[in-house]
Amino acid sequence: MRIRAWFLILTLFVLSTATLALAEDPLREVYPLDDFTLREEMVPMRDGAKLYTVILTPKNAKEPLPIILERTPYDATRLVGASSTKLEVNLGPKFLGNGYIYAAQDLRGRYKSEGKYEMYRVPRGEYNKTGTDETTDAWDAIDWLVKNVPDNNGKVGVWGTSYPGWLTLSAMREPHPALAAAVPFNPVVDVWKADDWFHWGAFRPIYAFEFIYSMETRKGSSFDYPYTHRDLYSWALGKGALGKALGEYLDDRHEMWSHLMDNPSYTDYWRDCAADQWFDHPSRLVPALHVHGLWDQEDIYGSPAVYAAIEKHDTSNDLNFFAAGPWYHGQHFSDGSHLGAISFDEDTAKRFREDVLRPFLDHFLKGVETATIDPVTVFETGNNRWRHFDQWPPAQTVRKLYLHADGKLSFDAPGEGDNSTKYTSDPAKPVPNAPRPVWGSNYGVPSIISKWRSWLVEDQRFADGRPDVVTWTSEPLEEPLTVRGPVLANLFAETTGTDADWVVKLIDVYPDEDPTSFAMSGFQLMISGDIFRGRYREDYSKARAIKPNEVLEYQVPLPTANHTFKRGHRMMVQIQSTWFPLYDRNPQTFVDSIMMAPDSSYKPQKHRIHHSSASPTHLVLKVDSGN
């Protein structure tokens, strides 16, 4: 009994420490000229855990205000971004006027919140036997806010980018009655299909390693891995199977790495975490604005997928909205005038915030009747203009872009005698995913993050011409052609090996002498591209060896596009079998798990892409005239 009593006292002391710290060490001092009040609270969850929450309320509001909440693993105190007396300066691009109360909350076990942190905590069920998950925590947070924040109007909007975007979707699963609007920006949705950890079975080892090391090494902070070798292409190339090699730098704290090693295929664990599968039978549709970046280097699958999953329930087409800009991951809250070498003629992110984001929130959180937006607002790259539709993708003509002999590309189906193009892929000499050096994705170093954000718009001439990259190019277009929506590659291929990866890229080739910008002459801009791991051709959930020397059909899903190929430009398709070090190398010899593949399994293999009348490799495009 004495031991239990002391344990109870110790537990109460630990649980009260964070609350006492709030009173003793406030986030900032109060200044007479502040045009807002700052409040810090430990908000209780249903199981007793308390989550640190920052609340910023404008002063002198003339009416009750709605609340905008972000739940985050990245430190809620970042909501106060500058040491200023003005709320607008503190919030930066997230400031939508003094008509909102702004709140941010640390997840369990992160920064100042109590509890155990679990990355992408699985919803209650087979893999989560507790009584709580991110949905219940969001529900409890919203319930506390509307009951305890003075002068709120009873309506809450939840928003967040990336991981907080996934948390936003979690709040929508079983929504609190006060949840009146949601904005998932670039959300993580399905980490196996084509978001954070995998793309169609191909593992993203260094990206996963860096993120997991940062988030799980010190649960109360972010901590970057200290590399001693900066070009990660050469650093990773000498390590063999990266699942095994990078795992040696991790330990029991890094629980997500174990999930990755245990689930290289599309298991029920990944399905439970996949947010687009949460809305088959929604109890209530929360008005939602799904925000997508056309060149999102981290989570390019999620937003269109979850929009589509919910759209089928929005029978009046007035609750589920989609917006897409020409952005990297999170660029909607930054300068949107350019990405890499590509210019957009205006600050597209600012335009989006003013013309789409704020009117959406004003309408659903304040009841502003005049602030309505179109169901779909997307930026059309190439022509650099905004377009508006009733659905995404809009109704289009479906056309097939065929590969031909001698590197030719056209909308004409191949005739007799059009055969195949071969190349050798050597795992010892993989094609880099970006021009070297490859530095990873450390957000704390400006030069590293700038390169990481722009790798999808790099001039693909750095890869074109390699013997292990095969290319097909159209004649210059006589009329503009606009591609809208997802692209599908139907690939007919064979290999001498028993496994292979297939990378397919749709590219806009600028004129050899560009009349609008000399610097862009001959530029090869990737419009849509992705990778597919061949072992999952038949079943995502079970890896199977490829039959060698046999023509097989692969369907390679490519990301959504909204791009006009202008008159005089050419269309190009590139195919290769490595995209390293962003994606791990396929040994090209079938093994049970590539995560642990022995060095002896990595072998050069000959691949052949078929473009005959019997095996017509082609891309399926949804197109219009570009007008």
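The values are calculated or read from the model by the stated rules, or taken from the named source; none is laboratory data. All values reported here derive from a predicted model rather than from experimental measurement. All Cβ positions, glycine included, derive from the backbone under ideal geometry; neighbour counts span all protein chains shown.
Structure above, values below:
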{"quantity": "Of the criteria (1) touching a strand residue (DSSP E or B) at 6+ places or on another chain (Cβ under 9 Å); (2) at pLDDT below 95, which one Glu369 fails", "calculated": "(1)"}
{"quantity": "Those strands (runs of 3 or more DSSP E) lying entirely in the range 35-92 with at least 1 residues under 31 Å from the mean Cα position of the chain (by Cα), assigned by TED's automatic domain parsing to the domain that holds Gly160 and among the hydroxyl-bearing types (Ser, Thr, Tyr)", "calculated": "50-58, 65-72"}
{"quantity": "Any hit, the range 281-294, residues being of a type in the set (Val, Ile, Thr), under 22 Å from Tyr602 (Cα atoms), in contact with a helix residue (DSSP H, G or I) (Cβ under 8 Å, 6 or more places away or on another chain) and surrounded by 22 or more Cβ atoms within 10 Å (Cβ to Cβ)", "calculated": "no"}
{"quantity": "Phe379 touching a residue at least 40 places away in the same chain (Cβ under 8 Å), crowded, with 18+ Cβ neighbours inside 10 Å and assigned to a strand (DSSP E or B)", "calculated": "yes"}
{"quantity": "Contacts under 8 angstrom Cβ, first residue in the range 111-136 being assigned by TED's automatic domain parsing to the domain that holds Ala182 and over 15 Å from Thr168 (Cα atoms), partner of a type in the set (S, T, N, Q) and assigned to a loop (DSSP other than H, G, I, E, B), 6 or more apart", "calculated": "Tyr111/Ser221; Arg124/Thr130; Arg124/Thr132"}
{"quantity": "Test result for Leu481, among the hydrophobic types (A, V, I, L, M, F, W, C), within 26 Å of Val378 (Cα to Cα) and modelled with pLDDT of 95 or more", "calculated": "yes"}
{"quantity": "Test: residue in the range 320-332 that is over 28 Å from Ser450 (Cα atoms), among the polar types (S, T, N, Q) and not in a loop (DSSP other than H, G, I, E, B)", "calculated": "yes"}
{"quantity": "Selected residue (criterion: nearest to the chain's Cα centre (by Cα)) from residues of the range 121-139 that are crowded, with 22+ Cβ neighbours inside 10 Å and not hydrophobic (A, V, I, L, M, F, W, C)", "calculated": "Arg121"}
{"quantity": "Test: residue in the range 52-72 that is in contact (Cβ under 8 Å) with a residue 60 or more places away in the chain and more than 30 Å from Glu354 (Cβ to Cβ)", "calculated": "yes"}
{"quantity": "Residue in the range 491-513 that is nearest to Pro557 (Cα to Cα), counting only those that are acidic (Asp, Glu) and surrounded by 20 or more Cβ atoms within 10 Å (Cβ to Cβ)", "calculated": "Asp501"}
{"quantity": "Boolean, Arg353 is under 27 Å from Val156 (Cα atoms), charged (D, E, K, R) and under 22 Å from the mean Cα position of the chain (by Cα)", "calculated": "yes"}
{"quantity": "Members of the range 96-143 found to be in a loop (DSSP other than H, G, I, E, B), in contact with a strand residue (DSSP E or B) (Cβ under 8 Å, 6 or more places away or on another chain) and among the hydrophobic types (A, V, I, L, M, F, W, C), listed by number", "calculated": "Leu96, Leu107, Val122"}
{"quantity": "Residue list for the range 430-456, restricted to those being out of contact with any strand residue (DSSP E or B) (no Cβ under 9 Å at 6 or more places or on another chain), outside any loop (DSSP other than H, G, I, E, B) and in contact (Cβ under 8 Å) with a residue 12 or more places away in the chain", "calculated": "Lys451, Trp452, Trp455"}
{"quantity": "Some residue of the range 201-213 being surrounded by fewer than 18 Cβ atoms within 10 Å (Cβ to Cβ) and touching a residue at least 60 places away in the same chain (Cβ under 8 Å)", "calculated": "no"}
{"quantity": "Looking only at the range 140-184, and only at residues there that are closer than 20 Å to Phe36 by Cβ and of a type in the set (S, T, N, Q), the one that is surrounded by the most Cβ atoms within 10 Å (Cβ to Cβ)", "calculated": "Asn152"}
{"quantity": "Residue list for the range 387-422, restricted to those being touching a residue at least 24 places away in the same chain (Cβ under 8 Å), surrounded by fewer than 19 Cβ atoms within 10 Å (Cβ to Cβ) and among the hydrophobic types (A, V, I, L, M, F, W, C)", "calculated": "Val398, Ala405, Ala413"}
{"quantity": "Residue selected from the range 533-543 under the condition part of a loop (DSSP other than H, G, I, E, B) and touching a residue at least 12 places away in the same chain (Cβ under 8 Å), by the criterion nearest to Leu621 (Cα to Cα)", "calculated": "Arg537"}
{"quantity": "Selected residue (criterion: farthest from the chain's Cα centre (by Cα)) from residues of the range 553-572 that are polar (S, T, N, Q) and crowded, with 18+ Cβ neighbours inside 10 Å", "calculated": "Thr564"}
{"quantity": "Single unsatisfied condition, Ile546 versus (1) assigned to a loop (DSSP other than H, G, I, E, B); (2) under 30 Å from Phe523 (Cβ atoms); (3) in contact with a helix residue (DSSP H, G or I) (Cβ under 7 Å, 6 or more places away or on another chain)", "calculated": "(2)"}
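Conditions tested, residue by residue: (1) assigned by TED's automatic domain parsing to the domain that holds Arg121; (2) not hydroxyl-bearing (Ser, Thr, Tyr); (3) not in a loop (DSSP other than H, G, I, E, B).
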residue: Val183; (1), (2), (3): yes, yes, yes
residue: Val189; (1), (2), (3): yes, yes, no
residue: Lys193; (1), (2), (3): yes, yes, no
residue: Tyr213; (1), (2), (3): no, no, yes
residue: Ser221; (1), (2), (3): no, no, no
